[in-house]
Every structure is written in C-alpha cells, then in structure tokens.
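The values are calculated or read from the model by the stated rules, or taken from the named source; none is laboratory data. As the structure is a prediction and not an experimental result, all values here were calculated from the model. Here Cβ is always computed from backbone atoms with ideal geometry, including for glycine, and neighbour counts include all displayed protein chains.
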Amino acid sequence: MAEKRKQMKKAGKEAGVKKKPAGKAENKEPKHDRPEKHGGKSAEKGSGKGKKAKSAKDPWKVLRFPHLAEKSMNMVEFENKLTFIVKREATKTQIKEAVENLFDVKVLSVQTEFTPKGVKKAYAKLSPDHSASEIASRLGMV
C-alpha cells in the first residue's frame, strides 16, 4: 500500500501537479469583481455619523414611546427618571441626546436593559434642576 502511494506521489511530481491545501476552495473570479453579500463595507448602510445626524433631527426615531407601568411611575416620582422603550440599535449617547433635544432638559445618565420579550428599555435620570413628573404630565403619563 505504501509503495503504491509513493508511486502516485512520484507520478504527480513528474506531471507538475501541485497538491491543494486542505479546506481551501479555488476562487475562479477575483475578489473585487464579486458582488457584495450580506452588506459588506460597500453596502448602503451609511456611516455612524449619518445615524447620529438622524437622531438629532427627529428624537422619536430613537425613542419609540414612553413606558407606562407602576414601576416607571414610581421612578418618575421618587428618582426623577423617565422610562422609554427605544430602538434596539440606539446607543446611550443617542438616547441622551434625543431626550435632551425633545424636552429641553439635562440628562445625567442613561441606563438600558433588554426585557425578556426582546424590547430595549431606557431609563434617563434627569438633573435636579428639571422635574420628571412635569415632563410625564406633558406626555400624558400621569
């Protein structure tokens, strides 16, 4: 058996056949000529700068709606926090800018969480200069 392999290997070398590395597929067309799949760098996604500009124009693109629950109402009254359901892709910075632009308040911090249903919830803590209960009443929450 070993002799047969040696003979085949020797015949291949004489014919100029090179063995391909295992697991490597042969590319028939150059990489730059292939169409992009699944949104590569050249896909029309837009840069992070474009997303930030959108959130500054329309805060409701980031904030979907205020969250109305007993826990949220207690946070408004006792902790000076507003609770919103936000887009999954929204960052804390975008949420902070959206709340500040929409209600003309100063946001100290933003905390986010994903609910078991897969919804992103954001808690925006306002500075002591601004009242969360006043904004909640403007939104019709209280």
I'm trying to understand the selection: among the residues of the range 86-125, which are within 17 Å of residue 71 (Cα to Cα) and of a type outside the set (Val, Ile, Thr)? 111, 113, 114, 116, 120, 121, 122, 123, 124, 125
Going through the range 63-96 in order, the residues found to be farther than 20 Å from residue 119 by Cα and assigned to a helix (DSSP H, G or I) are 74, 76, 77, 78, 79
Tell me whether the range 56-67 contains one or more residues that are modelled with pLDDT under 55 and either closer than 30 Å to residue 129 by Cβ or of a type in the set (S, T, N, Q) (or both). yes
Failed criterion for residue 53 (all others in (1) in contact with a strand residue (DSSP E or B) (Cβ under 8 Å, 6 or more places away or on another chain); (2) at pLDDT below 95 hold): (1)
Only residues that are surrounded by fewer than 16 Cβ atoms within 10 Å (Cβ to Cβ) and either touching a Pro at 6+ places or on another chain (Cβ under 7 Å) or closer than 22 Å to residue 101 by Cα (or both): list them for the range 65-76, please. 65, 68
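Can you tell me which residue is nearest to residue 72 (Cα to Cα) among those in the range 103-134 that are outside any loop (DSSP other than H, G, I, E, B) and out of contact with any strand residue (DSSP E or B) (no Cβ under 7 Å at 6 or more places or on another chain)? Full working, then the answer.
Filtering the range 103-134 down to residues outside any loop (DSSP other than H, G, I, E, B) leaves 103, 107-114, 120-126, 132-134.
Pick out the ones that are also out of contact with any strand residue (DSSP E or B) (no Cβ under 7 Å at 6 or more places or on another chain) and you get 103, 133-134.
Details: 103: 18, 133: 11, 134: 14 Å.
Within the range 103-134, the match that is nearest to residue 72 (Cα to Cα) is 133.
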